[in-house]
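The next block holds one structure in the form of structure tokens; read it before the comments.
The values are calculated or read from the model by the stated rules, or taken from the named source; none is laboratory data. For clarity, every value in this text was computed on a predicted model and none was experimentally measured. For neighbour counting, all protein chains shown are included, and Cβ atoms are generated from backbone atoms with ideal geometry for every residue, glycine included.
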Amino acid sequence: MKAKVIPFEKFEGAGNDFIIFDFFEFEFIDLNEQAVLERMCDRHFGIGADGIIAVCPDPNYDFRMKYLNSDGRFSTFCGNGSRCAVLYVCNKLNKTKLHFIAADGEHTGELIDDVVRIKMSDIDQLIETPFGPFVQSGSPHIMIEVNDPFHYNIYEEGKKIRNAFSPEGSNVNFIEWKDDQLWIATYERGVENETLACGTGITASAYNQAVLLKLEGHISIPVISKGGALKVDMNLQGQKATEIYLTGPAHHVYAGFYKITN
């Protein structure tokens, strides 16, 4: 059998972990090979990851980001994944600030000391649903208020609500505002399980909390996930949020090669 060896980098942002492919020179794997990519993300039979990121050249940006969930399917924007991609490309290009494009449009990213900050897409409104507030923050999110989300049955409850938003589904965030901090646990579609942190979910939930608290102007919401502490800054006028920034930790874990046998 002929084997194909795939180089990859492993990164994590607040415990949200990703396989990164560097396509700057050439595309060494077909991103439409769903079964192969899904197996790579498997934590028992593959590398293990919440998702896959391809960083690609673009004539108008420092890079173009393509994102796939751990089911091997292309998905919408990933906040923590983009922070990991920014860290990787900053190190590659020896820069501290970048301009990139993703599924939901243009973004900027920068390294600030030991954290990575990215500019998120603007949020126009909060939509009420029978399940809770819905926010589009680059990916779709529902917010559910609970007591102690870190000890809640995220998998079972999240799966029920995620599947109610067919056919694409929604991510589901279980949140609690306590001690002037937002505590959060997220069920992610495509991963079909809880992740240690979700960047777009953290952004959507921070925005939701700011609207509920009737905050205005330049505000900052500290967020605690199982994977670590992050921060969301924004300029909020009514329900219109602009200048939204997601800031948190990101780290290179290791580099390796994955063998595919045909």
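With the requirement that a residue be of a type outside the set (Gly, Ala, Ser) and crowded, with 21+ Cβ neighbours inside 10 Å, what does the stretch 44-70 give you?
Of the stretch 44-70, the ones of a type outside the set (Gly, Ala, Ser) are 44-45, 47, 50, 52-53, 55-69.
Selection gives Asp50, Ile52, Ile53, Val55, Phe63, Met65, Tyr67, Leu68, Asn69.
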Problem - Residue that is modelled with the highest pLDDT [pool: residues in the stretch 131-147 that are more than 19 Å from the chain's Cα centre (by Cα) and hydrophobic (A, V, I, L, M, F, W, C)] - result: Val146
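For a quick check of your reading: which strands (runs of 3 or more DSSP E) sit entirely within the stretch 75-143 and have at least 2 residues that are of a type in the set (Asp, Glu) and within 28 Å of Asn163 (Cβ to Cβ)?
Working: elements: 97-102, 105-112, 115-119, 133-136.
Once the strands (runs of 3 or more DSSP E) in the stretch 75-143 are filtered for at least 2 residues that are of a type in the set (Asp, Glu) and within 28 Å of Asn163 (Cβ to Cβ), nothing remains.
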Practice task
Restricting attention to the stretch 100-120, report how many residues are without any contact (Cβ under 8 Å) to a residue 40 or more places away in the chain, more than 13 Å from Thr200 (Cβ to Cβ) and of a type in the set (D, E, K, R).
Solution key: 2
Exercise for the section: All but one of (1) touching a strand residue (DSSP E or B) at 6+ places or on another chain (Cβ under 6 Å); (2) more than 16 Å from Gln239 (Cα to Cα); (3) surrounded by 20 or more Cβ atoms within 10 Å (Cβ to Cβ) hold for Thr200, so report the exception by its number. Expected result: (1)
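When you scan the stretch 6-43, how many residues do you find that are outside any strand (DSSP E or B) and surrounded by fewer than 21 Cβ atoms within 10 Å (Cβ to Cβ)? Full working, then the answer.
Our first condition is that a residue be outside any strand (DSSP E or B); within the stretch 6-43, this holds for 14-15, 23-43.
Next, from what is left, pick out any that are surrounded by fewer than 21 Cβ atoms within 10 Å (Cβ to Cβ): 15, 23-36, 38-39, 42-43.
Qualifying residue count, the stretch 6-43: 19.
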